[in-house]
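**Student:** Quick one: this structure, given as structure tokens, is what I'll be asking you about.
The values are calculated or read from the model by the stated rules, or taken from the named source; none is laboratory data. Quick caveat, the model's predicted, so the values are computed rather than measured. Please note: Cβ atoms are built from the backbone with ideal geometry, for glycine as well, and neighbour counts cover all protein chains shown.
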């Protein structure tokens, strides 16, 4: 068993640190590091690192929870839009507890919960020292596993439903990849807004149970990708208004299929490419239906918007979670069992988000 970070023992003086809890004394952390880009199962190693001395504008954080997201794995493979300098610690999202702050830190205090405000921070670690500006406060009355997964998938769903089309109650949207964490959040946020969602999923074992679960979240229609290509599917949709918005997280044939179903002047937003195939749209959809194609990257949105705008979005999502209008479908693993968590994350037809948890 790996030994978690201890917060007792040493009395080493920190002359540049204010508000230091007496119980903290660890000088080491366990981290998941990669020294070269490649397949995660080959390049990721759990190591022990010495925590650096805290500088005036830095914050020491003990991690509480951190998910494994597709973007994390893409970054390790070297194929993501953000390419860190190696060696690097994995993980872009998570929540931690502020333990110590440097004397010039103004916006953060010990015992506050914080999440990263930028990508590439390296959250797969028991503790870390970060710049003050790389962190933002998150509500402490939210479960750590919920706080750890708030800023990527639910936020992506929220932004795509608010930023591209003026949607009103009764409007219809369509999406593929509906069993993904983004897809599940889209269903629930759309339902809360009074929107009807058409959801395309892959054929899979326990297909009927999956359909029922998505409908319990508020999905209006759920069909397989194969059925979505049939004339029968078009007849199913005949009584609904044409979708104003299509959300594409898959690419390939699936993207073509949902684009064809858009209404006049509809918009398709691409935010992922799980099929690893290009998006191909018929010329007729542009000429005769005047559709628009857009892209969305949550990392870029965070870069271009203020802390106040980020907080406003997170506060709305937190309110939905507390009101039980937004459920996050999660599965937790202790950080010490990272390899098991990584293997589980690679299983086909996995619907739950894998979240690493740390000793409290």
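**Student:** Within the bounds of region 4-17, is there any residue that is assigned to a loop (DSSP other than H, G, I, E, B) and modelled with pLDDT of 95 or more?
**Tutor:** No: region 4-17 contains no residue that is assigned to a loop (DSSP other than H, G, I, E, B) and modelled with pLDDT of 95 or more.
**Student:** Restricting region 143-166 to residues that are without any contact (Cβ under 8 Å) to a residue 60 or more places away in the chain and outside any helix (DSSP H, G or I), which is nearest to residue 319 (Cα to Cα)?
**Tutor:** Residue satisfying both the conditions and the ranking: 143.
**Student:** Does residue 341 qualify as being closer than 21 Å to residue 147 by Cα, in contact with a strand residue (DSSP E or B) (Cβ under 8 Å, 6 or more places away or on another chain) and outside the structural domain of residue 191 (by TED's automatic domain parsing)?
**Tutor:** Judged against the criteria, residue 341 is a match.
**Student:** So, one more: Look through 169, 140 and report the one residue that is on the phi < 0 side of the Ramachandran plot, assigned to a loop (DSSP other than H, G, I, E, B) and in contact with a strand residue (DSSP E or B) (Cβ under 7 Å, 6 or more places away or on another chain).
**Tutor:** Testing whether each residue is on the phi < 0 side of the Ramachandran plot, assigned to a loop (DSSP other than H, G, I, E, B) and in contact with a strand residue (DSSP E or B) (Cβ under 7 Å, 6 or more places away or on another chain) leaves just 140.
**Student:** If we only count strands (runs of 3 or more DSSP E) wholly inside region 87-137, which ones have 2 or more residues that are modelled with pLDDT of 95 or more and farther than 16 Å from residue 63 by Cβ?
**Tutor:** Filter on region 87-137 gives 95-102.
**Student:** Exactly one of these conditions fails for residue 186: (1) surrounded by fewer than 23 Cβ atoms within 10 Å (Cβ to Cβ); (2) within 22 Å of the chain's Cα centre (by Cα); (3) within 26 Å of residue 290 (Cα to Cα). Give me its number.
**Tutor:** Condition (1) is where residue 186 drops out.
**Student:** Yes or no: region 317-335 includes at least one residue that is closer than 19 Å to residue 162 by Cα, without any contact (Cβ under 8 Å) to a residue 60 or more places away in the chain and surrounded by fewer than 17 Cβ atoms within 10 Å (Cβ to Cβ).
**Tutor:** yes
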